[in-house]
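Peer 1: This is the structure I want to talk about, given as structure tokens.
The values are calculated or read from the model by the stated rules, or taken from the named source; none is laboratory data. Model, not experiment: these values are computed from the prediction. Here the Cβ positions follow ideal geometry from the backbone for every residue, glycine too, while neighbour counts run over all protein chains shown.
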Amino acid sequence: MKLIDGKKIAREIQQEIAEKVVQIHKRKPGLAFILVGNHPASQTYVRAKQKACASTGIVSTLRSFPSSIKQNELIEQIHLLNQDETIDGILVQLPLPLHIHEWAIMTAIAPEKDVDGFHPINMGKLLLGDESGFLPCTPNGIKTLLHRYHIPISGKKVVIVGRSNIVGKPLAAMLMQKKDDCNATVTVAHSKSEYLTEITREADILIAAVGSPHFINETMVRKGVVIIDVGINRLTDQTLVGDVDFQKIAPIASAITPVPGGVGPMTIAMLLKNTFISYTTSIPKAPKKTEL
């Protein structure tokens, strides 16, 4: 069994970005975080992302607002960041208070600064195979892990358990693209799927993103399967576990991600990569010289 180390690959990617950023002698790439309320987990996530920014030389700024902020006021703040030339990426940390509609907030972010890859224009580009948009961070992190561990995708049966807009749906669209590094046969299943065990046992690559601790057990996989565990669940004893029963499935799998230390670090690495891409595409290009 091969352990797919997300921390290791994320560090490599951050180092690659840092080596490029250090060569920039003008304005550095800028990433703005918007945090609404004082949700402890959200604060922890933002701190981790800011720390990662610092490690690469990306300049991060934090805009914190009380949970009482009105939706239109928050949208106004996003519009200001859209117009700020020092900001290349905008990330709104979820969840938001119930009186604020996430869809309205996500669509307020300029697509060219949507480094989370959630804007409908970027999602549409993903579905169409248009590479000019930003890819959602967690799906792109999963695909990058598979590539860096030389796990073939083309022609393989991929089963994704989970149909969220953040992971399941965009990941399916990404892996089925008619491209050399994709070309998978993808099945999207979920907790309501009939004959789920029969479906998951057909997988060459099984991706668990259902949000339920140890939902995938050893009876649901076949020997030699590659397991990507997206779930992060906290048990009553505060232990973090994934959607996969790691201890029982690891001996069966040919490769598997741990929780924590698998997909999570890759999500942050892809956020930094998107921010750097946004920076490079926003730099005004020098006009071509006219030949006489």
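Peer 1: Assuming residue 84 fulfils every condition listed in (1) crowded, with 17+ Cβ neighbours inside 10 Å; (2) of a type outside the set (Val, Ile, Thr); (3) in contact with a strand residue (DSSP E or B) (Cβ under 9 Å, 6 or more places away or on another chain) apart from one, which condition is it?
Peer 2: (1)
Peer 1: Just give me the residues in region 144-191 being touching a Leu at 6+ places or on another chain (Cβ under 7 Å) and assigned to a helix (DSSP H, G or I), in sequence order.
Peer 2: 170, 173, 174
Peer 1: Taking region 25-64, which residues are free of Cβ contacts under 8 Å to residues at least 24 places away in the same chain and outside any helix (DSSP H, G or I)?
Peer 2: Pass one, region 25-64, residues free of Cβ contacts under 8 Å to residues at least 24 places away in the same chain: 25-26, 40-41, 43-44, 47, 50-51, 54.
Correct list: 25, 26.
Peer 1: For region 86-126, which positions are part of a helix (DSSP H, G or I) and in contact (Cβ under 8 Å) with a residue 60 or more places away in the chain?
Peer 2: First, the residues of region 86-126 that are part of a helix (DSSP H, G or I): 102-108, 111-113, 120-126.
Answer for region 86-126, where residues must be part of a helix (DSSP H, G or I) and in contact (Cβ under 8 Å) with a residue 60 or more places away in the chain: 112, 113.
Peer 1: Same structure, new question: Give, as residue ranges, the helices (runs of 4 or more DSSP H) completely inside region 193-292 that count at least 2 residues that are among the aliphatic types (A, V, I, L, M) and modelled with pLDDT of 95 or more.
Peer 2: Hits in region 193-292: 196-200, 263-282.
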